[in-house]
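Here the structure is laid out as structure tokens; the discussion comes afterwards.
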Amino acid sequence: MMGFVASGYRHAHRVELHQSKCELTRRSQEVVLRCSANDFRERFEGQLRSLQDEVCSEVVKLDGGADFHEDVWAKENGRGGGRSRVIEDGNMFEKAAVNLSIINGDISPERAAAMVSVELLSLAFMAR
């Protein structure tokens, strides 16, 4: 079982990666999320999308006159994508954007070796 600190992942203090489905447990003063790397990735991406939705919603309320236009895009190699959102000609904002990019791929063994706690990582990366 591998683990690492995930500050800011909603209410989990620590995330432990293993093969079973996700479960959230409380251990004394610590909240622990246990899940596989893929489950964690899906949950984390969902949280990022929800955060983008929340930010856009608040900007629209604040502006009071315009709405966002969304462009969903994907990398040709299938290793990522995102949502670009732009609001224009509003009451408060002439132009503003709230963008989300989720990109993944492989890193070199040399780069992985230079990372702290490399034993906790695979040779894959995801940028957000």
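Numbers below:
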item: Placed amide H near residue 66: partners under 5 Å, 5+ positions off or other chain; result: 91
item: Neighbour cut-off at most 13 other Cβ (10 Å), DSSP loop, GluC sites (Glu not before Pro), region 43-88; result: 76
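The numbers here are math on the coordinates, done by the rules we state, and not lab data. Since the model is a prediction, treat every value here as computed from it, not as a measurement. All Cβ positions, even for glycine, are placed from backbone atoms using ideal geometry, and neighbour counts span all protein chains on display.
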